[in-house]
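Student: Take a look at the following structure, please.
The values are calculated or read from the model by the stated rules, or taken from the named source; none is laboratory data. Please read all numbers here as calculations on a predicted model, not as lab measurements. Here the Cβ positions follow ideal geometry from the backbone for every residue, glycine too, while neighbour counts run over all protein chains shown. Calculation scope for accessible area: heavy atoms of the full protein, side chains included, ligands and nucleic acids excluded. Shrake-Rupley method; radii C 1.70, N 1.55, O 1.52, S 1.80 Å.
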Amino acid sequence: MVEETKPTLKKRDTKKEVESEVIEDKKKNDDKNKKEEKQQESTIKTTAPTTTKKEGDDKKQQRRQQVQPKNAFCIRFFGIVLITIVTFSVWSVFNHNNNRNVDSSFFIKEMPEPLLRHFQSGQMIPVFDKSNGGSFNLFIVQQSIDWTRPDPKYNGEVDKNGQPIIIREDVFSDGQDITNEVIPQTNSVDNEVALLIHGQTTTSFAFRKTLKYIQKERIHPIAIDLPCFGFSDSLSNCSYSEIADRLDDILDSLQIRKPIHLVLYDTAASIGTSFAMKHSNRVKSIVYIDPHIDLSNTPLYYNIIKTPFFGQLYLQFLTSPYLSTIRYKLLADRFNLYNGFTRQSDVDSYFYCLRYRNNIQNFIDTVKSMDTTFRETYRLTTSSIALNRLKPIHLILTTRYVGSYQSQLFQNKFTSSILHTDSTETFSLFFEDNPTSISHQLADIIDAIDKNLRIEKPKPKLQQQQQQDHGHSHGSGNSHGHSHGSGNSHGHSHGSGNSHGHSHGSGNSHGHSHGSGNSHGHSHGGGNSHGHSHGGGDQFGLGHNYGM
């Protein structure tokens, strides 16, 4: 038994040795494999960054090549815009003047020609301010001038196709010959009075072509620049409520005691309605044109205007004369102004009114003082003017304004007071191409009140005799014919020596003298004044036309 166990033990020992060797070999192989893996990993780590970097650089270059032209253009463009704004801002700060103290003649020199004609057709009147006992000057226009013929300094503007814009002479004549057109003379005593009030972004310049057609309807028009706007003086408070309170003072200064007819455009709807609520006895009817009654719903640029410092720069940049051509082309494309009715000089006139004297600051003060809550709108839309037919109302809407929120709101709230609504198609700024629509609606609303209001009243016999006043003298020496009176007053003298014919009066006043020596014919008055002299010596005939 002992002999048999020894070999078995040896076999077992050999098996163990073999197994141990196998395990050691596996360990060695595993160690080698691990080392090789580590070496491979290290080589991959050393080689991979170079390859990934190269691939990343290639991709970045490709992206840069694709994006660089667009970004470069944007950077250049916004850089130029930024430099322009900064330069303009610095220039504005160091060249800012208190325009309240600047002579108005400084601004008249740069005034566009249509606006200059409008300015020369009006007058300044002093208005007593009952609120503080002071006074301010108000610009008004009561007589029309002919806007249908081309101006002498017309510079041949062209449309978008390069064709010259021709102002047609019969553009508003309805096919009638207007070369010898006679516009009836009106006044605030014998005729119904229409007070035309502009909106936030306009002045009385917007009504310049309408005045003639209102006079043709035998209605006396008075277009005003509201205080703080246009050529009128500014107030210490340029809020709408303060301006509405001053309308009563304006009518007193014009010596108008009878009720008037209001013509309100755009935001003037808020001003005029407030005035009619407080002074209903001074208002006979109201014509609204594209009314903006909800001041809580204002354009986006109003928020820019309210921004300190930037609002001033924004308006200065917007009204700059250097942007005249660009500004006109943008507005012409939007409102289709290539039709001969609204020229570049007309557009410049609107923007010039905004920068005249201190109007930019007044514009900002007015916008800031607006009650942008719905409270003011609720007060107007629930007033007796809106709910009761105390005052007849006519509504004029342009085609582009009919579907707007302001139009729908006004028609809903003023339904019970509106007698008639007229939709007018216009392809210009502020009725440049259709000025007769306002005069027709105004005549209709006056006739609805009383058909006899626009009929010319017969004049008293005494007044007729005064109109035919006649001074006539004959003889030698210092003969003198002198007459005073309204209408066709006539001064006539005959004789030798210092003969003198002199007449004063309104209407067709006539001064006429005949004779030798220092004969003199002289007349003063409105209308067709006539001064005429005949004879030898130092004779002269002089006709003066004084007054409105």
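Student: Filter the stretch 452-466 down to the residues that are modelled with pLDDT of 90 or more, among the basic types (Lys, Arg) and exposed (fewer than 12 other Cβ atoms within 10 Å of the Cβ) and list them by number. Outline the logic, then answer.
Tutor: Step one: of the stretch 452-466, the residues modelled with pLDDT of 90 or more are 452-454.
If we keep only those that are among the basic types (Lys, Arg) too, we end up with 454.
Once the filter is applied, which keeps residues that are modelled with pLDDT of 90 or more, among the basic types (Lys, Arg) and exposed (fewer than 12 other Cβ atoms within 10 Å of the Cβ), the stretch 452-466 yields nothing.
Student: Additional query: How about the stretch 298-312: which of its residues are open to solvent by less than 20 Å² (accessible area, probe 1.4 Å), without any contact (Cβ under 8 Å) to a residue 60 or more places away in the chain and hydroxyl-bearing (Ser, Thr, Tyr)?
Tutor: If we filter the stretch 298-312 for residues that are open to solvent by less than 20 Å² (accessible area, probe 1.4 Å), which is where we start, we get 302, 305, 311.
After this cut, where a residue has to be without any contact (Cβ under 8 Å) to a residue 60 or more places away in the chain as well, the list is 311.
If the condition is that a residue be open to solvent by less than 20 Å² (accessible area, probe 1.4 Å), without any contact (Cβ under 8 Å) to a residue 60 or more places away in the chain and hydroxyl-bearing (Ser, Thr, Tyr), then no residue fits.
Student: Moving on to the next point. Which of the residues belonging to the stretch 377-431 are touching a residue at least 60 places away in the same chain (Cβ under 8 Å), open to solvent by 40 Å² or more (accessible area, probe 1.4 Å) and not in a loop (DSSP other than H, G, I, E, B)?
Tutor: Result: Ser384, Tyr405, Lys413.
Student: Also, I was wondering about something else. Looking at Pro291, Pro321 in this structure, which one is of a type outside the set (Asp, Glu) and either modelled with pLDDT of 95 or more or crowded, with 21+ Cβ neighbours inside 10 Å (or both)?
Tutor: Details: Pro321 fails: either modelled with pLDDT of 95 or more or crowded, with 21+ Cβ neighbours inside 10 Å (or both).
Sole residue among the options that is of a type outside the set (Asp, Glu) and either modelled with pLDDT of 95 or more or crowded, with 21+ Cβ neighbours inside 10 Å (or both): Pro291.
Student: Taking Asp233 and the conditions (1) open to solvent by 10 Å² or more (accessible area, probe 1.4 Å); (2) part of a helix (DSSP H, G or I), which numbered condition does it fall short on, given that it satisfies the others?
Tutor: For Asp233, the exception is condition (2).
Student: Now for a separate question. Quick check on Asp333: is it of a type in the set (Asp, Glu) and on the phi > 0 side of the Ramachandran plot?
Tutor: Values: of a type in the set (Asp, Glu): yes; on the phi > 0 side of the Ramachandran plot: no.
It is false that Asp333 is of a type in the set (Asp, Glu) and on the phi > 0 side of the Ramachandran plot.
Student: Kindly establish whether Pro126 is at negative phi and modelled with pLDDT under 65.
Tutor: Details: at negative phi: yes; modelled with pLDDT under 65: no.
Taking the combined requirement at face value, the residue does not satisfy it.
Student: Could I ask something else about it? If only one of Leu264, Leu295, Leu315 is touching a residue at least 12 places away in the same chain (Cβ under 8 Å), within 18 Å of the chain's Cα centre (by Cα) and in a strand (DSSP E or B), which one is it? Please lay out each step first, then the result.
Tutor: Numbers: Leu295 fails: in a strand (DSSP E or B); Leu315 fails: in a strand (DSSP E or B).
Answer to the check: Leu264.
Student: Could you check the stretch 241-282 and list, in sequence order, the residues that are in contact with a helix residue (DSSP H, G or I) (Cβ under 6 Å, 6 or more places away or on another chain) and surrounded by 21 or more Cβ atoms within 10 Å (Cβ to Cβ)?
Tutor: Of everything in the stretch 241-282, those that are in contact with a helix residue (DSSP H, G or I) (Cβ under 6 Å, 6 or more places away or on another chain) and surrounded by 21 or more Cβ atoms within 10 Å (Cβ to Cβ) turn out to be Ile243, Ala244, Leu247, Leu262, Leu264, Ser270, Ile271, Thr273, Ser274, Phe275, Ala276.
Student: Check whether at least one residue in the stretch 269-290 is more than 23 Å from Gln142 (Cβ to Cβ), within 16 Å of the chain's Cα centre (by Cα) and not in a helix (DSSP H, G or I), and report yes or no.
Tutor: Yes, the stretch 269-290 contains at least one residue that is more than 23 Å from Gln142 (Cβ to Cβ), within 16 Å of the chain's Cα centre (by Cα) and not in a helix (DSSP H, G or I).
Student: From the set of residues in the stretch 198-223 that are closer than 12 Å to Thr436 by Cβ and basic (Lys, Arg), which is surrounded by the most Cβ atoms within 10 Å (Cβ to Cβ)?
Tutor: In this case the residue turns out to be Lys209.
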